[in-house]
Amino acid sequence: MKKKKRETKQRNIAAAVLHWIFFTRHYLLQFPLLSAIFAFLLFFAAFSVISPLPPIINHHRSSKLKNGAKVDESTFSTETSPFRAARSAGRHLWNSRSSKFYYGCSNANDSFQTADLKTNSNRYLLIATSGGLNQQRTGITDGVVAAYILNATLVVPKLDQKSFWNDSSDFAEIFDVDWFISFLSKDVTIIKQLPTKGGKVLTPYRTRAPRKCTPLCYLTKVLPVLNKKHVVQLGKFDYRLSNRLSPDLQKLRCRVNYHALKFTDSILEMGKKLVQRMRMKSEHFIALHLRFEPDMLAFSGCYFGGGEKERMELGEIRRRWKSLHASNPDKERRQGKCPLTPEEVGLTLRALGFGSDVHLYVASGEVYGGEATLAPLKALFPNFHSKETLASKRELAPFSSFSSRMAALDFIVCDESDVFSTNNNGNMAKIIAGRRRYFGHKPTIRPNAKKLYKLFINRHNKTWEEFASRVRSLQIGFMGEPNEVKPGRGEFHENPSSCICEDPVAKAGAGLNPTPQTLPHEGHKNVKENTKRNGTNDVSDEHTIEDDHDQDATDMDYVDNGNAVQGKGLAGEMLSEEFFSD
């Protein structure tokens, strides 16, 4: 009835306009220019009146997260959708604007002592990593540096096979162990297993290093034990090395992480197939690392709009970690420590300019709420893919029973994607972000969760254009561009500033002034050649944006054997600087 009245009113207004033109035509004919101006204005006004108004849509639709819950899909229909972004994203969204001015540089300086000169033949160091694949990757990387500091021979690291991830894979089943040993042979002596003495394998003394242990800390706390016992295993080896080291040691970290740690051929081959299949579907694609598993959400202490049922379900899971303190969900969200929901990350990507035709690869575990939770994201990006949709069960069979191998496949696709995005700031997000910076600053979208939360809460009070404009503004400094983060800020694996060098020739060719600290150009080569550049300083902090870069979303990689070991205020070893012995 209302629609019929509105149409009648529109016709009456149009008739009145035409009637007025008819009775004033003899005056307008005497003044041609005036006549043309009036005609244009009247036509525009009549068209505006007759044309239907854009739909009014409530942007604050709260998606329920439970299986079987209904999702209002009409919100995302073609006729009523407020998302008017261009179908194809602009070229600047697929490439970093200034990446050509920087390159990865991690070769050792001439003053860096080699393994054959400094390794003590009577010191053997073992490390036992902890957590998921990417948390273990940080442990392996830091373990090599620890062995260098201690002048010790490193035994190939042990992977965590007993924690939450329950993966029985050993190092050689995930990484190319021979490549690992040979690539680092000039830096650290690495062996596959301990030698024998008197026909018996040496037995390691088990202990732990403090969290964020500095080189001096290793020399004062670990070295005396190593000199006495000769064979030491450092357990739960994750984040046991300081974030701030000398440039030489930071570059060693980069050589390990970006060059020595190479996946096995079988993992690389399957990962390459997944990337190729995405390329066959579209010239460009986005890879989204979506952490929204029940355990991870429970551990975060956040609330995601699922009502009392969600509070009960996640609360029950949360009680597994006895040392977890009661959380304040609103406070966690205000501080940017809650992962974005699938709908929120989808809205962010659309606001940044990625159209509905963009192909999206989603790296994810079990999503809390299942398809009901994913429905808004799939409506925003119908071209929705995963390793399970791109490969057959038979192809995935060698990997599907091993969480780390499946995570390695996702790692490869995320690393090779044109744009990488995440809904959290966990271990994989940090590792991938740092790697993409090192290999050419490929666009990497990290949600500015601390600022976006207010926008999401109030989005029902804004038009789509206002919402999208605000998202683009808030995401400045969170898109993977060079110099977004001041060197030394944030986790080094996410911001490997000591391993990023400036190319002054490229800058000069573009009419830009090279950074004063940078030494003369030595001839640019591809970063994958790991070209040697002696004495090159880190990039400057010009145009740095530090605000909110220290926010840290909770990641389930930190959960181990039912014990919470992450977060300020939590009980457990993360808060302790004591030297533990087993």
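Things to note:
- Scope segment 159-198; condition open to solvent by 30 Å² or more (accessible area, probe 1.4 Å) and of a type in the set (Val, Ile, Thr); matching residues: Ile181, Thr189, Ile191, Thr196
- The set of residues from segment 203-221 being hydrophobic (A, V, I, L, M, F, W, C) and surrounded by fewer than 17 Cβ atoms within 10 Å (Cβ to Cβ) comprises Leu216, Leu219.
- Of the residues making up segment 306-321, just one is at pLDDT 90 or above and outside any helix (DSSP H, G or I), namely Gly306.
- Test: residue in segment 267-275 that is part of a loop (DSSP other than H, G, I, E, B) and over 26 Å from Ser497 (Cβ atoms): no
- Criterion violated by Leu377 - all others in (1) within 19 Å of Asn424 (Cβ to Cβ); (2) open to solvent by 20 Å² or more (accessible area, probe 1.4 Å) satisfied: (2)
- Selection of segment 356-366 for residues being within 23 Å of Gly132 (Cα to Cα) and open to solvent by 20 Å² or more (accessible area, probe 1.4 Å) yields Ser364, Gly365, Glu366.
- Checked against the criterion of being among the acidic types (Asp, Glu) and open to solvent by 10 Å² or more (accessible area, probe 1.4 Å), segment 229-247 has no qualifying residue.
- Among the residues of segment 347-375, those that are assigned to a helix (DSSP H, G or I) and in contact with a helix residue (DSSP H, G or I) (Cβ under 9 Å, 6 or more places away or on another chain) comprise Leu347, Thr348, Leu349, Arg350, Ala351, Leu352, Glu371, Thr373, Leu374, Ala375.
- Checking each residue in segment 224-236 for being in contact (Cβ under 8 Å) with a residue 24 or more places away in the chain and either of a type in the set (D, E, K, R) or farther than 30 Å from Gly132 by Cβ (or both) picks out Asn227, Lys229, His230, Lys236.
- Elements of type helices (runs of 4 or more DSSP H) in segment 380-499, at least 2 residues being modelled with pLDDT of 95 or more, open to solvent by 20 Å² or more (accessible area, probe 1.4 Å) and within 22 Å of Arg277 (Cβ to Cβ): 387-390, 393-400, 403-416
- The C-beta contact set for segment 195-215 (first residue at pLDDT below 95, second residue among the β-branched types (Val, Ile, Thr), distance under 6 angstrom, 6+ apart or interchain) comprises Leu202/Val231.
- Hits in segment 322-346 - residues which are in a loop (DSSP other than H, G, I, E, B) and surrounded by fewer than 18 Cβ atoms within 10 Å (Cβ to Cβ): Lys322, Ser323, His325, Ala326, Asn328, Gln335
- Residues (out of contact with any Asp or Glu (no Cβ under 9 Å at 6 or more places or on another chain) and under 20 Å from Leu409 (Cβ atoms)) located in segment 112-171: Arg137, Ile140, Asn166, Ser168, Ser169, Asp170, Phe171
The values are calculated or read from the model by the stated rules, or taken from the named source; none is laboratory data. Quick caveat, the model's predicted, so the values are computed rather than measured. Don't worry about glycine lacking a Cβ; one is built from the backbone with ideal geometry, like all the others, and counts go over all protein chains shown. Just the protein is used for accessible areas: all its heavy atoms, side chains included, with ligands, DNA and RNA removed. Shrake-Rupley method; radii C 1.70, N 1.55, O 1.52, S 1.80 Å.
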